[in-house]
1. For segment 326-359, enumerate the residues that are modelled with pLDDT of 95 or more and among the aliphatic types (A, V, I, L, M).
2. Hey, any hits in segment 210-220 for a residue that's of a type in the set (Asp, Glu), in contact with a Pro (Cβ under 8 Å, 6 or more places away or on another chain) and in contact (Cβ under 8 Å) with a residue 24 or more places away in the chain?
3. For segment 312-363, which residues satisfy the criterion of being among the β-branched types (Val, Ile, Thr) and either more than 19 Å from Asp421 (Cβ to Cβ) or not assigned by TED's automatic domain parsing to the domain that holds Leu382 (or both)?
4. I'd like the full set of residues that are surrounded by 17 or more Cβ atoms within 10 Å (Cβ to Cβ) and farther than 23 Å from Glu220 by Cβ, limited to segment 158-173.
5. Please work out if Arg339 is crowded, with 19+ Cβ neighbours inside 10 Å and either in contact with a Gly (Cβ under 9 Å, 6 or more places away or on another chain) or part of a helix (DSSP H, G or I) (or both).
6. Counting just the residues of segment 189-208 that are modelled with pLDDT under 95 and part of a helix (DSSP H, G or I), which one comes out surrounded by the most Cβ atoms within 10 Å (Cβ to Cβ)?
7. Test Gly249 against the stated conditions and say whether it is crowded, with 17+ Cβ neighbours inside 10 Å and on the phi > 0 side of the Ramachandran plot.
8. Just a yes or no: is a residue in segment 381-399 assigned by TED's automatic domain parsing to the domain that holds Pro343, assigned to a loop (DSSP other than H, G, I, E, B) and modelled with pLDDT under 70?
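The values are calculated or read from the model by the stated rules, or taken from the named source; none is laboratory data. A quick note: this is a predicted structure, and the numbers were derived from the prediction, not measured. Backbone-built Cβ (ideal geometry, glycine too); neighbour counts: all protein chains shown.
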Amino acid sequence: QGFSPLQRVIATLISPEIEQPVAQHIIPSSMVAGQCLLATAAFHALVSKPEGPDHGAFHAFMRQHGREYAPGSDEYHERFALFSRRAAEAEAHNAQPGRLWTAGINWLSDRTDAELMQLHGWRGAAAPAAEAGRAYSLYLNQLGQGRPLPEESMNWTMLPAAKQIKDQGECSSCWAVSSAKTLELHHQIYRPKHPRTFSAQELVSCMPNPHKCGGKGGCEGATAELAFDWVMKHGLAQEDEVPYKGVTGTCPRSGAGSGATAQLGRHSPSPEDLSRLGVREAPVGAPGLDFGMCGWERLPSNSYAAVLRAVYEHGPMVVAVSAEAWHPYQGGIFDGCPRDAIPNHGVVLMGYGKDPDSGTLFWDIQNSWGPSWGEGGHMRVLRHEGDGERCGVDRHPEKGIACEGGPKEVKVCGMCAVLFDAVLPRFQCGILPEPSTPLL
């Protein structure tokens, strides 16, 4: 495993004696194997009776996760039935030969389908096919079509900001949490002398969404395109100034009642502008420039080369994914999404790699469901080399990706549609990263 040229610049600036640092994946394979063994033992204990998990296992689950269902109540029976079904489904999955990932019991195992949908809340902007094709050709020309793709493994999880895994709670704010985390990561890469965080809650409470791109805004969904554009033009408080509460609430900005929010909404980008591919540069005097954000970029849709090169050369990004099947994930390389996936969740793409034991390629994803989910809050998603290796059609964009009046169907590529909509902030501004204290 290795570093990108940008990471090598940072490492050289902060530690000249380090010439060839080695990046390690956040979860060693031995730990994943241990998790698999523990999960198998746990499920054999849970599903030891023909009728499914016993009530003792459910009571242990309730104690672990702070549930207070009254035994014998309708809610208790409903939650127990959900828990039993999820345990049986996970056991059946784990019994499959040749599987790449392990299912498990976690804090989501007694949630209803409606409650699980609240963990999503991303609906990216879909570009018309003709425009996407033109933009992709231009992008390839700018990159230099003949350049080789980056090495097979690289990850930004060594950044200190990557260690804190957020939990969005029962608010469809993945778009805000993933955008705020990506801003923090890029700020740490490019301006390490001036550490700061970014408030997901201020995005949830203040950012308008007049065109209903990705939902109605706040805890009812939005997009990273909207988030980055708003932060660039209006700035963003730090996490300790506006801590995360997991509710839409009211905007804490001075004088920011409904009238102020409506005024900001008049300057919101149109759906057409959001779907346009390429870089948006910050206007002169934009508040985002104060902390180094000079723009944001939407990558060509469904381009493996563009996503791979961008995370390698620039840093983490927010991607739209289909997450309906993610809830029981405990570890391994996830390959459980259908081709015709519906992107409905925003996550941070941290890097990519190759499993040392199986040789299977993967993307490294940081989720917003807390550190107890998956591999320490992360997930490895199966990576297919090339643009057309795994593509399908999302025939229900209104359920996941569309602004009002958007296209009726869109092409989606990559496992769980990971290549469909990728967005990142731009902090380079024509200069090298600042030298500072060690990041590694």
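1. Ile333, Val347, Val348, Leu349, Met350
2. The answer is no; no qualifying residue exists.
3. Taking segment 312-363 as the starting set, the residues that turn out to be among the β-branched types (Val, Ile, Thr) are 318-319, 321, 333, 342, 347-348, 360.
If the condition is that a residue be among the β-branched types (Val, Ile, Thr) and either more than 19 Å from Asp421 (Cβ to Cβ) or not assigned by TED's automatic domain parsing to the domain that holds Leu382 (or both), then Ile333, Thr360 are the ones that fit.
4. Hits for segment 158-173 are Met158, Leu159, Ala161, Ala162, Ile165.
5. Details: crowded, with 19+ Cβ neighbours inside 10 Å: no; either in contact with a Gly (Cβ under 9 Å, 6 or more places away or on another chain) or part of a helix (DSSP H, G or I) (or both): yes.
When the stated conditions are applied, Arg339 does not pass them.
6. Ranking the candidates gives Tyr190 first.
7. Working: crowded, with 17+ Cβ neighbours inside 10 Å: no; on the phi > 0 side of the Ramachandran plot: yes.
Spelling it out, it is not the case that Gly249 is crowded, with 17+ Cβ neighbours inside 10 Å and on the phi > 0 side of the Ramachandran plot.
8. Step one: filter segment 381-399 for residues assigned by TED's automatic domain parsing to the domain that holds Pro343, giving 381-399.
Within this subset, residues satisfying the condition of being assigned to a loop (DSSP other than H, G, I, E, B) are 383-390, 395-396.
In the following step, the residues that additionally are modelled with pLDDT under 70 were identified as 387-388.
Yes: segment 381-399 contains one or more residues that are assigned by TED's automatic domain parsing to the domain that holds Pro343, assigned to a loop (DSSP other than H, G, I, E, B) and modelled with pLDDT under 70.
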